[in-house]
Amino acid sequence: MRTAFLAFFSILASATTALASDILVMEAYARASAAPNASSGAAYVSLKNQGAADRLLSITTPQAEMAHLHETKSTGDVMSMEMVDTLDLAAATTLSMKPGGLHIMLTGLKAPLKKGEKLLLELTFEKAGKLAVEALVGSVAQGPGG
């Protein structure tokens with residue numbers, strides 16, 4: 001029974017889905033670098049909070065110097081990105097990151113992101129703790145689900 005349990009969670013982790021306490025991370029993906037010398041990139045996840053309110057405190061990856069939450073905003077004809085320090089997750093809600101909105105900004109990439117590779121992310125939540133996630137790198141214009 002223990003082996004079946006571990007196999008089940010291994011399958012979930014390899015399917016770009018992971019579970020930490022009451023937080024379910026789904027649809028984890030990153031876009032491939034557009035240039036061979038790219039030093040920044042973007043990743044996206046959906047967070048489903050199945051429990052009490054929680055807060056995403058930080059994100060790290062061994063594949064970049066920094067990983068931060070950013071939100072793209074539009075003011076008139078001007079697009080800008082603002083860093084988001086923490087992200088509150090209300091109880092029993094789902095938040096989906098997407099291009100043109102909330103996303104994980106990767107800076108200081110140690111190597112360009114290549115289609116088919118995996119990006120390792122560690123999300124730290126106030127209550128749920130640390131959660132390791134593998135995000136599949138898709139095409140330059142990748143969106144959720146492929």
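The values are calculated or read from the model by the stated rules, or taken from the named source; none is laboratory data. Computed from a prediction, not measured in an experiment: that's the story for all the values here. Every residue, glycine among them, receives a Cβ derived from its backbone with ideal geometry; neighbour counts consider all protein chains shown. Calculation scope for accessible area: heavy atoms of the full protein, side chains included, ligands and nucleic acids excluded. Shrake-Rupley method; radii C 1.70, N 1.55, O 1.52, S 1.80 Å.
Some notes on this structure:
- Spin-label model, SER58/GLU126: points 7 Å from Cα along the beta carbon direction are separated by 1.6 nm.
- Here each label is just a point 7 Å from Cα along the line to Cβ, and for ALA141 and SER74 those points are 1.8 nm apart.
- Summarising the label geometry, the points placed 7 Å from Cα in the beta-carbon direction at SER21 and THR86 lie 1.2 nm from one another.
- Shape call, the stretch 75-139: gyration tensor on alpha carbons, a/c limit 1.5: oblate
- Amide H contacts under 5 Å for LEU109, placed H, 5+ residues apart: SER40, GLU65
- In this structure, the amide hydrogen of MET97, modeled 1.01 Å from its nitrogen in the peptide plane, lies closer than 5 angstrom to those of VAL45, SER46, LEU47, counting only residues at least 5 positions away or on a different chain.
- A viscosity of 0.890 mPa s and a temperature of 25 °C, combined with the Kirkwood radius over Cα pairs in Stokes-Einstein, give a translational diffusion coefficient for the stretch 58-110 of 197 µm²/s.
- Amide hydrogen neighbours beyond the local backbone of VAL84, cut-off 5 Å, H modeled: LEU69, HIS70, GLU71
- With all protein chains in place and ligands, DNA and RNA left out, the 1.4 Å accessible area ranks THR75, THR60 as THR75, THR60, largest first.
- Rg and Dmax of the stretch 36-146, Cα atoms only, in Å: 14.2, 43
- When peptides 106-112, 31-37 are ranked by their average number of other Cβ atoms within 10 Å per residue, the highest-first order is 106-112, 31-37.
- When each of LYS48/LYS98; LYS98/LYS130; LYS48/LYS73; LYS73/LYS114; LYS73/LYS130 is checked by Cα-Cα distance, pairs over 25 Å: LYS73/LYS114; LYS73/LYS130
- Summarising the strand pairing of the stretch 19-137, around 95 percent of its internal DSSP beta bridges are antiparallel.
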